[in-house]
1. Being modelled with pLDDT under 95 and surrounded by 24 or more Cβ atoms within 10 Å (Cβ to Cβ) is true for just one of 169, 188, 199. Which residue is that?
2. Please verify whether segment 392-399 includes one or more residues that are surrounded by fewer than 22 Cβ atoms within 10 Å (Cβ to Cβ), in a loop (DSSP other than H, G, I, E, B) and at pLDDT below 95.
3. When segment 1-12 is examined, which residues are found to be closer than 21 Å to residue 238 by Cβ and outside any strand (DSSP E or B)?
4. I need the full set of residues from segment 13-54 which are free of Cβ contacts under 8 Å to residues at least 60 places away in the same chain, under 27 Å from residue 343 (Cα atoms) and assigned to a loop (DSSP other than H, G, I, E, B), in order please.
5. So which helices (runs of 4 or more DSSP H) are wholly in segment 295-373 and hold at least 3 residues that are closer than 27 Å to residue 26 by Cα and at pLDDT 95 or above?
6. When you scan segment 229-279, how many residues do you find that are part of a loop (DSSP other than H, G, I, E, B), within 21 Å of the chain's Cα centre (by Cα) and at pLDDT 95 or above?
7. If I filter segment 281-294 down to residues being farther than 25 Å from residue 344 by Cβ and in contact with a strand residue (DSSP E or B) (Cβ under 7 Å, 6 or more places away or on another chain), which single residue comes out as surrounded by the fewest Cβ atoms within 10 Å (Cβ to Cβ)?
8. For segment 215-265, what are the residues that are in contact (Cβ under 8 Å) with a residue 60 or more places away in the chain, crowded, with 24+ Cβ neighbours inside 10 Å and more than 20 Å from residue 336 (Cβ to Cβ)?
């Protein structure tokens, strides 16, 4: 029976906007850009040489894999903020739900490079299953024996992992779930988006009338989700509450979204209906907002369909202009951002904003600098290739509520 309340008690982040919650929050508020020249690989012949690359990052001792290093760092941050002492917990009641699109791709990348250079490397150089390693290694590190899952729904992965964690808790299969998403910047994904001509040559401008394309990024966003009963029993500080989520598919095209936003409409309505609130209660949408020709109009068409005239009263922003599109990590990092927005009372901006898309001049895209704003209800949207659509609905935590 689904009746457990699900709350957020800890956050961790590694990103181009900072490798701590404090730095991340400050840079979000001020509209700082984390896009910089790529140092991880050569970019000759590609459309650009900039991305949301993580810098000034110290690898944990004994960890040389970038994907795992990001994951462990963000998990440690989140555990520390939640004041969760795992040694005192029932480890079978703690789950892990961490999404990724590429996983620990460095091993695969090295294998491909060797083949391209005429060598005959052994597949043994690819340790285990690189895609599932982030979730599995977190579980192994802390001896967690609850549900462990790695989700890949393309660029909706991070939000899907949060949604799955919500279901594990709401249905009483777990008391606590470490959830989020991670992906690293590498030549595999960068050259792929380059070939699709999706990469901007300079900056990303979500919801702008001129949208030159997306910029890629990397990072990890992790949240500690737990049942209300678990959080109260530990006297934990509660940052926000997860009220519902929606998962759908627009069944339209492998990479191009349904222009009418059918899947996005369904995912947002599912989340709102599960939360049991009125659509007009939504005050903020952390948009998928990739800054591409087709995605932004699709998302705004869907928002207009769901909210009607109320859409003009909703603050809508995309943080991808500031830190890049982090693929499987995007939903996790944007969930962290949305929790901060609710808990700290501000809205993250859409930087590089000049002029809104035609037909959406009355909408508030929070241009260029964050706004102080009390938020009671917010949606975080993530949409990906293959038509994957996921929306997570969060609220300010209230001790008592009607549902």
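1. 199
2. Within segment 392-399 (the criterion being surrounded by fewer than 22 Cβ atoms within 10 Å (Cβ to Cβ), in a loop (DSSP other than H, G, I, E, B) and at pLDDT below 95), the answer is yes, since at least one residue qualifies.
3. If we filter segment 1-12 for residues that are closer than 21 Å to residue 238 by Cβ, which is where we start, we get 2-12.
The answer is 2, 3, 4, 5.
4. 19, 20
5. Output list reads 320-323, 330-344.
6. Residues in segment 229-279 being part of a loop (DSSP other than H, G, I, E, B), within 21 Å of the chain's Cα centre (by Cα) and at pLDDT 95 or above: 2 in total.
7. Going residue by residue through segment 281-294, those that are farther than 25 Å from residue 344 by Cβ are 290-294.
If we keep only those that are in contact with a strand residue (DSSP E or B) (Cβ under 7 Å, 6 or more places away or on another chain) as well, we get 290-292.
On the way: 290: 25, 291: 26, 292: 22.
Selected residue: 292.
8. Those that are in contact (Cβ under 8 Å) with a residue 60 or more places away in the chain, crowded, with 24+ Cβ neighbours inside 10 Å and more than 20 Å from residue 336 (Cβ to Cβ): 250, 257, 263, 264.
The values are calculated or read from the model by the stated rules, or taken from the named source; none is laboratory data. All of these numbers come straight from a predicted model, not from anything done at the bench. Cβ atoms come from the backbone with ideal geometry, glycine included; neighbour counts cover every protein chain shown.
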